[in-house]
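The structure appears below as structure tokens.
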Amino acid sequence: MKVTFETEDEKEAKRLAKANDMAFMLWDLVHNGWRDFKHTDYDYEKSWNKIHELLDQYKIDVDELAQ
């Protein structure tokens, strides 16, 4: 696929260029992030719930983005 975007805004260009990387990072966090805390005494449930709350708030479906 070839897409061309034109912008004068450097931040907008960076966001567009990194969108795929961000999608895969979020997918990895949602599906694998908990494993780092699985065998620790850290109660990550509150953090985990907040991540999912924010994903819902922004209507982000990581499986839809990173397939």
Item to check | More than 19 angstrom apart: percent of Cα pairs within the chain | outcome: 49
Next on the checklist: At 1.4 Å probe size, with the rest of the protein present, what percent of the exposed accessible area of the chain is carbon and sulfur atoms?
Outcome noted: 52
Checklist entry - Cα to Cα, under 27 Å, and not fewer than 8 places away if on the same chain: which lysines meet these conditions relative to Lys2? => result Lys11, Lys14, Lys18, Lys59
Checklist entry - What FRET efficiency comes out for the pair His31/Met1, r = Cβ-Cβ distance, R0 = 35 Å, nearest 0.05? => result 0.90
Checklist entry - With every protein chain in place, what's the accessible area of Val3 (1.4 Å probe, Å², nearest 10)? => result 80
Checklist entry - Computed FRET efficiency, Cβ-Cβ of Asn20 and Tyr44, R0 22 Å: what is it to the nearest 0.05? => result 0.25
Checklist entry - Could you sort Tyr44, Tyr58 by accessible area so the largest value comes first, with the probe set to 1.4 Å? => result Tyr58, Tyr44
Next on the checklist: Tell me the per residue accessible area of the chain using a 1.4 Å probe; a whole number in Å² is fine.
Outcome noted: 94
Checklist entry - Where is the GNM fluctuation largest for the chain (alpha-carbon springs, 10 angstrom cutoff): His31, His39, His52? => result His39
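The values are calculated or read from the model by the stated rules, or taken from the named source; none is laboratory data. Computed from a prediction, not measured in an experiment: that's the story for all the values here. Because the Cβ atoms are built from the backbone with ideal geometry, glycine has one as well, and the counts that use them run over all protein chains shown. We work out accessible area using only protein heavy atoms, side chains counted, and drop any ligands, DNA or RNA first. Shrake-Rupley method; radii C 1.70, N 1.55, O 1.52, S 1.80 Å.
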